[in-house]
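Everything on this sheet refers to the single structure shown next.
The values are calculated or read from the model by the stated rules, or taken from the named source; none is laboratory data. Remember, it's a predicted structure, so these values are computed and weren't measured experimentally. All Cβ positions, even for glycine, are placed from backbone atoms using ideal geometry, and neighbour counts span all protein chains on display. Side chains included, ligands, DNA and RNA excluded: accessible areas come from the protein's heavy atoms. Shrake-Rupley method; radii C 1.70, N 1.55, O 1.52, S 1.80 Å.
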Amino acid sequence: MNSRSLLLPVASLILAMGITTSCSNSENNGLEDSLNSKKMNLKISKEELDLLIQSFPSPIETSLVIKNAGNPFNSSILIPTKNLERFVSNYDKALAMGAFGGDMGYINIYEKSFVAMDYLGAIRMLSKDLEIDQFFDFDQMISMAKNSSNADSLLQMSTESFNKMEAHFRNKGRNELSILMVLGTWLEGSYIISNLAKGNMTDEMKNRVAEQKESVEKLADLLKKAANDPYFSKLSNSMSALKTKYDVIKIEQIIREPEMQEINGELVFIDKSETKILASKEQIEAVIDATMGLRDELLK
Amino acid sequence: MKKNLKLFSFLIVMALIMLSFKKSPEMKGKCDGEEEYAIGLTKVVPFKLIKDYRIVLSSGSPSDPPSQFFMISLKSGLKYRLLPINNADNKTKMIMSIYQNEKKSVLLATSFNKTTGKHFPYVDFNCKTTGTFALFFEFEGAAKGCGVGMFAVEN
């Protein structure tokens, strides 16, 4: 065979492989290139950050405790999906992305698929701006939202997508975006709990507000470690102010060995631990107001 | 002609080098957790999946078995499910356990009963206290293995 005749196909093959490799790299690095912002010098190791971020409650858990406390669904307390242009910087967008994720958890747990459509639209726009839309199959999710019998699948797909997206930020060293997403998700969940508790201060809701203390402490500490950035410095101050309000609330955790029961071949552990919360109505009202004020300042 | 042959050889070598960097399906395959994850999704229902953990551990000493842990949030009043899904090639089964902390102070739930040596396909935990706890993964007998751990909550 003429060697010249082989040159073209082989060269094409190499060129194609080069393009494939380069495309795959650009997909991985697209975030850094396009967002074009410097990586933050965070005073915490990757391992510590990974453990810390994973320790925050998921929107599913937050929404379940709200639903199990007997609160009816209330779409009017969620973040408005219009005027997304109010989230200007990538930091604002990552924060909002987390918050919309929190709202999606709430909507999905109550199986209000028709409300999910607007939120999917907002998440789609923000994820495109942040170049992380590859983690979502929006067409399929919208199609699921159109049919309320698909609520479980929509919840699972949303959870999966948000987990992958947040892990992607950390794997790419974009810890600041990951922290903002976690902050946004927590703040929105905490706002919903606060809002509902304000209108109906049962013991259950009062305790759910008080329980936020651990997350507030972790977030205040985390934001302090990133406070060399002006954006995070401001957030750190706001979270420290909220933490001060929580400092007067006392929570005592008593951990005990659980009881193990094997019923019909299934293993169930009954927790014997308990939590004692010492907080006055006024102290709870103070943290509710501070939480709602912070959320409205950052996300409304 | 000679020049073309040199160029041709160079291109072939380059192609082979680039191909060697691409993972073969076998290399990529067995322990990436995708198959286990798909199985887990069918088994986790009616609980809601919170997070899946892809675990790969090498073998070690039974006195100090290799393990991996993650911090998790638990909320009082919720019922959680731990669902270990094993890779078909595992010699022993994966164990999922919740401890009070990373120092394993108090065992709160586990998929393996050490006394009877029995593994359970899943284990439920009725949580009574809100807080941060440690979710541990290991393989029985400190064997190597891989799998996916599903952490889910009852609706």
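A few notes on this one:
- Identity of the residue in the range B:62-78, modelled with pLDDT of 95 or more and more than 12 Å from chain A (Cβ to nearest Cβ), that ends up farthest from B:Gly149 (Cα to Cα): B:Pro66
Residues are listed down the side, and each one gets a yes or a no for (1) assigned to a strand (DSSP E or B); (2) at pLDDT below 95:
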| site | (1), (2) |
| --- | --- |
| B:Leu11 | no, yes |
| B:Met18 | no, yes |
| B:Lys43 | no, no |
| B:Tyr80 | yes, no |
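- One residue alone among B:Thr92, B:Thr129 is closer than 30 Å to A:Asp152 by Cβ and either open to solvent by 10 Å² or more (accessible area, probe 1.4 Å) or facing chain A (nearest Cβ under 10 Å) (or both), and that residue is B:Thr129.
- B:Ser73 vs. criteria open to solvent by 70 Å² or more (accessible area, probe 1.4 Å), touching a residue at least 40 places away in the same chain (Cβ under 8 Å) and touching a strand residue (DSSP E or B) at 6+ places or on another chain (Cβ under 9 Å): no
- Reported count of residues in the range B:95-122, each being of a type in the set (S, T, N, Q) and open to solvent by less than 30 Å² (accessible area, probe 1.4 Å), is 4.
- The range A:196-227, residues that are surrounded by 19 or more Cβ atoms within 10 Å (Cβ to Cβ) and assigned to a loop (DSSP other than H, G, I, E, B): A:Glu211, A:Gln212, A:Ala226
- Residue that is nearest to the other protein chains (Cβ to nearest Cβ) [pool: residues in the range A:43-63 that are open to solvent by 40 Å² or more (accessible area, probe 1.4 Å) and part of a loop (DSSP other than H, G, I, E, B)]: A:Ser45
- Checked against the criteria, A:Ala279 does not count as more than 30 Å from B:Leu107 (Cα to Cα) and open to solvent by less than 80 Å² (accessible area, probe 1.4 Å).
- Every residue from the range A:266-288 that is assigned to a helix (DSSP H, G or I) and free of Cβ contacts under 8 Å to residues at least 12 places away in the same chain: A:Glu282
- Among (1) within 14 Å of chain B (Cβ to nearest Cβ); (2) within 20 Å of the chain's Cα centre (by Cα) - the single one A:Asn150 does not satisfy: (2)
- Test result for A:Leu84, modelled with pLDDT under 95, away from chain B (no Cβ under 14 Å), under 24 Å from A:Tyr231 (Cα atoms) and touching a helix residue (DSSP H, G or I) at 6+ places or on another chain (Cβ under 9 Å): yes
- Residue satisfying condition, being crowded, with 16+ Cβ neighbours inside 10 Å and either out of contact with any strand residue (DSSP E or B) (no Cβ under 8 Å at 6 or more places or on another chain) or farther than 25 Å from A:Lys46 by Cβ (or both), within set A:Asn74, A:Asn147, A:Asn90: A:Asn90
- All conditions but one from (1) more than 13 Å from chain B (Cβ to nearest Cβ); (2) of a type in the set (Asp, Glu); (3) more than 20 Å from the chain's Cα centre (by Cα) apply to A:Glu266; the one that does not is (1).
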